[in-house]
Each structure stands twice: as C-alpha cells, then as structure tokens.
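Each remark here refers to the structure printed beneath this line.
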Amino acid sequence: MLRIVRRAGSALLRGSSIHGPRPWNSDVQRCLASGLPMNTVVLFVPQQEAWVVERMGRFHRILEPGLNLLVPVLDRIRYVQSLKEIVINVPEQSAVSLDNVSLQIDGVLYLRIMDPYKASYGVEDPEYAVTQLAQTTMRSELGKLSLDKVFRERESLNSNIVEAINQAADDWGIRCLRYEIKDIHVPSKVRDAMQMQVEAERRKRAMVLESEGTRESAINVAEGQKQAQILASEAEKAEQINRAAGEANAILARAKARGEAIHILAEALMQQSGNAAASLTIAEQYVSAFSKLAQESNTILLPANAGDITGMVTQAMGIYGTLTKNMPQKSKAVQLEEGDESAGAEPETDGVRRR
C-alpha cells in the first residue's frame with residue numbers, strides 16, 4: 001500500500017511539474033522527504049509501531065497495530081515511533097577520573113519508547129538527547145572514581161548511569177534498560193605504570209608467600225624438635241622410674257634373702273655345736289681375708305698379732321657371746337605356754353599308743 005501511495009505521489013509530482021503546482025503537493029513532498037506514511041484513508045499499522053496522528057495541527061490519537069481509518073485532509077500522520085528495543089552506540093569520549101587520569105571510553109545504550117506521545121512532543125530528537133545524556137552522565141560518574149575502581153566497579157558504574165538516565169528521560173517517554181561500557185583506553189604512560197604496578201604486586205605476593213612458607217617450615221621444624229624432646233624426656237623418665245623400681249625390688253629381695261639367711265643362721269646357732277660352727281666360719285673368713293692382703297693396694301695395716309688365728313677367733317667369739325647375752329630372753333610366761341603345749345601333746349600320743 002505504501003509503495004502504491006509513493007508511486008501515486010511521484011506521479012502527481014510529475015503532473016504538477018507539467019500542469020502547474022497544486023495546493024496539496026506540499027504535503028506529499030513533505031511525507032516523501034520525511035519517510036512518513038501518507039493519509040490514504042485506510043491504513044495498516046505494523047506490529048510494534050505507534051503512529052501519532054494530528055488533526056488540523058493538534059494531537060488527535062495514536063494508531064494501534066492493524067486496520068485504521070483516517071479522515072482525508074484533516075488527519076495527518078505526524079510521527080512514527082518504534083516500540084522495539086533500540087540499540088544506540090555511544091561515541092568515544094574523554095573523561096577524567098578522580099585521580100586526574102584522562103580516559104577514552106565508549107559504550108552501548110539499550111532503550112525503549114514507553115510513551116509515544118511524550119517521545120514525540122517531549123523532545124525534538126530522542127536518540128540524540130539520550131546519547132548526550134549518557135555521555136554527560138558517564139563523565140560525571142567517572143569523575144567520582146579513581147582509575148583502579150573504574151576497572152573494578154564497572155557493573156556499579158553501568159547501573160549508576162542507567163539510573164541517572166532514567167531519572168531525566170522519564171519526561172521523554174523513554175526508558176533506559178541497560179548501559180554497557182565497551183572499551184576503556186588509558187594513555188600509554190599510565191598503561192606502562194599500571195603494568196609495573198601489577199608486576200610489583202606479583203613480586204610482593206611471591207615474596208610474601210615464600211616468607212610464609214619459610215615461617216611455616218621453621219614452625220614445623222621447631223614443633224618436631226619440641227615433640228622429640230618431650231618424647232625423649234618422657235622415655236628417660238619412664239626408664240628412670242623402671243630402674244628405680246627394679247633397684248627397689250632388688251634391695252627388698254636382697255634384704256628379704258638376708259633376713260631369711262640370718263633367721264636360718266640363728267636357728268642353726270641355737271642348736272647343739274652352734275658355737276663350734278660359728279668359730280669355724282670366723283676362722284675361715286679370717287684366713288680368706290688374710291690371703292687377699294696386698295692384692296689391691298701397696299699400703300697395708302696389720303694388727304700386732306696377725307698370725308695368731310686362735311686369738312682372733314677367741315676374740316670374735318667373745319664379742320659374739322657378749323652380743324647374745326644382751327639379746328632379750330623369752331619370758332617365763334612364753335616358756336610356760338610352750339611347756340603346756342608340749343605337755344598337752346604327750347597324752348594324745350599316749351592315748352594313741354594305748355589304743
């Protein structure tokens with residue numbers, strides 16, 4: 001239909017050049033030059049488009065997609081707005097960061113027309129207005145951040161730009177969906193300094209990691225030595241305890257054996273010929289001791305009568321007799337009890353024998 005209208009318009013223009021101008025030729029020329037559809041009474045509006053119609057120079061209505069009827073001469077299609085999502089390339093521009101670094105930055109803007117009436121009568125050129133607003137907002141937001149934060153907080157920077165654009169573009173019937181920064185170009189000297197900073201940070205990190213490894217190694221070695229010393233001391237302690245327990249048991253065993261030997265010796269001495277056995281034992285020990293003289297040392301102390309064995313034995317037996325006299329004797333009550341026990345035992349044997 002639009003092609004037919006355009007062809008008809010071009011034919012009318014050619015006819016007007018031959019037969020002279022006509023009063024409505026200006027409207028046809030304006031529609032053809034602007035690319036707006038002409039009022040052909042019956043119009044078909046495509047999907048996701050809004051056609052703004054003026055009647056006698058004033059806003060009349062917005063045509064919906066599908067079949068629409070207009071009054072000739074009175075109604076005119078003034079604006080055609082696309083309701084699809086529009087992608088606008090924001091040109092590269094210069095901006096200065098918080099730390100006075102000049103940057104070259106560009107981006108992509110995604111927007112959609114939400115109100116065709118405001119987009120038509122609220123601003124002259126919506127695309128140009130939004131582009132300029134995006135550039136000024138980008139400069140303002142970049143001036144709040146340092147160079148390091150610009151690369152680190154790109155997502156928050158994009159969201160701040162979108163929010164600032166939506167606050168201003170609400171009166172234009174346009175809504176900014178998102179903004180994406182494409183490239184950030186820094187001066188070559190700043191780039192070299194950033195590279196040096198990155199290398200220094202990496203060297204610092206490597207040195208810190210190496211020092212931490214050395215510290216952990218030293219701590220592990222010290223802990224190992226500490227545990228080894230603790231285990232060695234515990235082993236030595238256990239060894240000393242075991243040795244002391246063994247020595248104590250040996251002393252007790254020796255004392256017990258010596259006590260039993262003394263007890264047996266005392267019983268033997270109490271028997272008949274005990275004194276003679278003791279004298280013989282002392283004489284043997286004296287001879288044995290006399291035979292070991294001068295074997296371990298050159299200095300020897302001898303009594304005056306070293307060769308008088310009989311005198312030495314007599315002297316030893318005298319000392320033994322004196323000691324036995326001083327020993328406590330059994331009381332008479334104990335002797336009577338022992339006598340009663342022996343007397344009471346004899347009748348039993350007599351009784352057995354009599355039976």
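The values are calculated or read from the model by the stated rules, or taken from the named source; none is laboratory data. In this text, all values refer to a predicted model and were calculated from it rather than measured experimentally. Backbone-built Cβ (ideal geometry, glycine too); neighbour counts: all protein chains shown. Just so you know, the surface numbers come from the protein's heavy atoms only, side chains and all, with ligands and any DNA or RNA stripped out. Shrake-Rupley method; radii C 1.70, N 1.55, O 1.52, S 1.80 Å.
Take Arg191 and decide whether it is within 38 Å of the chain's Cα centre (by Cα), open to solvent by 60 Å² or more (accessible area, probe 1.4 Å), among the basic types (Lys, Arg) and at negative phi. So Arg191 fits the description; yes. The set of residues from segment 151-176 being open to solvent by 50 Å² or more (accessible area, probe 1.4 Å) and touching a helix residue (DSSP H, G or I) at 6+ places or on another chain (Cβ under 7 Å) comprises Asn160, Asp171, Trp172, Arg175.
The single condition among (1) more than 39 Å from the chain's Cα centre (by Cα); (2) surrounded by fewer than 12 Cβ atoms within 10 Å (Cβ to Cβ); (3) not in a helix (DSSP H, G or I) that Asp183 does not satisfy is (1). Within segment 177-200, the set of residues being in contact with an Asp or Glu (Cβ under 7 Å, 6 or more places away or on another chain) and acidic (Asp, Glu) comprises just one member, Asp183. Would you mind stating whether Val42 is within 30 Å of Gln135 (Cα to Cα), at pLDDT 85 or above, out of contact with any Asp or Glu (no Cβ under 9 Å at 6 or more places or on another chain) and open to solvent by less than 60 Å² (accessible area, probe 1.4 Å)? Against the criterion (within 30 Å of Gln135 (Cα to Cα), at pLDDT 85 or above, out of contact with any Asp or Glu (no Cβ under 9 Å at 6 or more places or on another chain) and open to solvent by less than 60 Å² (accessible area, probe 1.4 Å)), Val42 does not qualify. Of the residues making up segment 194-215, those that are of a type outside the set (S, T, N, Q) and open to solvent by 90 Å² or more (accessible area, probe 1.4 Å) number 9.
Counting the residues of segment 96-112 that are among the aliphatic types (A, V, I, L, M) and within 14 Å of Pro187 (Cα to Cα) gives 4.
Among the residues of this structure, Ala193 counts as one that is at pLDDT below 85 and under 21 Å from Asp99 (Cα atoms).
Per the listing Arg112, Arg6, Arg61, Arg76, the residue uniquely modelled with pLDDT under 85 and open to solvent by 60 Å² or more (accessible area, probe 1.4 Å) is Arg6.
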